[in-house]
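What follows is a set of notes on a single structure, which appears directly below.
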Amino acid sequence: MNKKREPIYRPIGSMPAKATWKLSCPFDSLDAAFNWNNVEYPVEHTHAHWEILLVTSGRILHTINGKEKVLTKGDVWLVRPEDKHKLTYADKDHKDYQSITFVFTDELFAKLSSAYGHGYDVRKSDANLSFTIDGELVDYAIECCLTAQMQPKDKYQTISTIVINRLFLVLLEKRMNNISSYPDWLNDFISYLNSPYRFAMSVRELARQTPYSYSRLTTLFKFYTGQTLLQYINELKLVYAKKLLRTTDRQILEISNDIYYDSVSSFNHNFKKKFGKTPSEYRKAHAAPETTRAEQT
């Protein structure tokens with residue numbers, strides 16, 4: 001079920017090709033499905049259905065409605081039936097891209113949007129339908145798909161629908177959080193920053209994701225948010241470190257390296273300044289009861 005399929009497009013005159021359900025689904029008469037992908041789709045096309053593209057590794061250049069964006073692990077994009085898009089390798093010498101494409105019918109989209117009340121907003125032509133998820137949710141989606149492909153048709157559809165619903169909810173949550181007086185480009189940029197996968201990038205590299213020079217970006221960012229770009233990124237790192245301290249047994253040094261701190265002492269200092277406890281104190285205060293009892297014996 002996860003073997004490669006050759007693209008199947010249905011040309012419509014001079015319009016972009018149209019991807020068929022046959023390309024995207026191993027079964028007929030389903031409302032939800034998925035497929036694995038590790039190749040580019042350089043033909044601009046639309047769909048007869050909805051898609052959620054989830055990048056699981058590597059880099060891919062996504063061109064949608066004339067705009068380009070490089071997607072990396074954890075990046076997600078909801079593609080509407082009328083959207084014109086294509087996927088091309090971001091690095092011609094490194095073709096290690098992999099993704100999962102979840103596909104679903106307009107009927108299922110109607111049910112989701114009716115349940116959450118955001119159908120019109122999502123359908124708007126100027127809606128920003130990209131977001132980033134963390135590694136845990138990426139792993140969850142992969143595990144669900146690996147399980148689903150071994151199941152009969154009805155269970156396959158149920159699992160596909162569950163993952164689609166979860167990703168759709170994340171999109172709505174992020175869109176609700178972005179309702180503000182910020183301009184669209186800044187909402188897009190903040191959404192881009194909110195991923196641990198960006199921590200390795202320099203601020204100048206991050207600035208290239210905006211229409212502005214680095215110096216102009218820093219001025220505008222401070223004007224709108226009240227924080228410098230470096231302050232905002234450092235806060236994201238520390239919040240992520242809190243999550244790792246609560247949910248993993250990784251050493252303090254490893255967590256410091258995970259968020260690209262120059263030294264553990266600097267990490268400890270900034271963490272305590274932000275949260276009032278050192279990383280070790282925070283972990284002890286939030287340890288599971290079993291762990292706490294074990295430490296006391």
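The values are calculated or read from the model by the stated rules, or taken from the named source; none is laboratory data. Because the structure is a prediction, the values reported are computed rather than measured. A quick note on method: Cβ atoms are made from the backbone with ideal geometry, for glycine too, and the neighbour counts reach across all protein chains shown. With ligands, DNA and RNA removed, areas are computed over all heavy atoms of the protein, side chains included. Shrake-Rupley method; radii C 1.70, N 1.55, O 1.52, S 1.80 Å.
Data table
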read-out: Those lysines that a straight Cα-Cα span of less than 23 Å connects to Lys18, excepting residues fewer than 8 apart in one chain; value: Lys3, Lys4, Lys67, Lys69, Lys84, Lys86, Lys124
read-out: Computed over segment 161-290, Cα set: Rg, Dmax in Å; value: 16.7, 51
read-out: Most to least accessible of Trp50, Trp77 (protein chains only, probe 1.4 Å); value: Trp77, Trp50
read-out: Simple Cβ-charge dipole of segment 38-164, Lys/Arg +1 and Asp/Glu -1, about Cα centre, in debye nearest 20; value: 200 debye
read-out: Taking the C-alpha atoms of segment 174-243, convex hull volume expressed per residue in Å³; value: 89 Å³
read-out: Euclidean distance between Cα centres, segment 72-98 to segment 170-235, Å; value: 21 Å
read-out: Peptides 157-164, 139-146, 201-208 ordered by average Cβ neighbours within 10 Å, highest first; value: 157-164, 139-146, 201-208
read-out: Karplus 3J(HN,Hα) series, Hz, for segment 204-219 with 6.51 cos²θ - 1.76 cosθ + 1.60 (x for Gly, Pro); value: 6, 5, 5, 4, 5, 7, 10, x, 10, 5, 4, 5, 5, 4, 4, 5
read-out: Within straight-line cross-link reach of Lys222, lysines at Cα separation under 17 Å, skipping those fewer than 8 residues along the same chain; value: none
read-out: Alpha carbon convex hull of segment 30-81, projected area averaged over orientations, nm²; value: 3.9 nm²
read-out: Dimensionless Rg ratio for segment 26-159, taking C-alpha atoms and the 2.2 N^0.38 Å reference; value: 1.05
read-out: Segment 141-204, accessible area per residue, ligands and nucleic acids excluded (1.4 Å, Å²); value: 50 Å²
read-out: Whole-number D in µm² s⁻¹ for segment 127-224, Kirkwood Cα-pair radius fed into Stokes-Einstein, 10 °C, 1.306 mPa s; value: 101 µm²/s
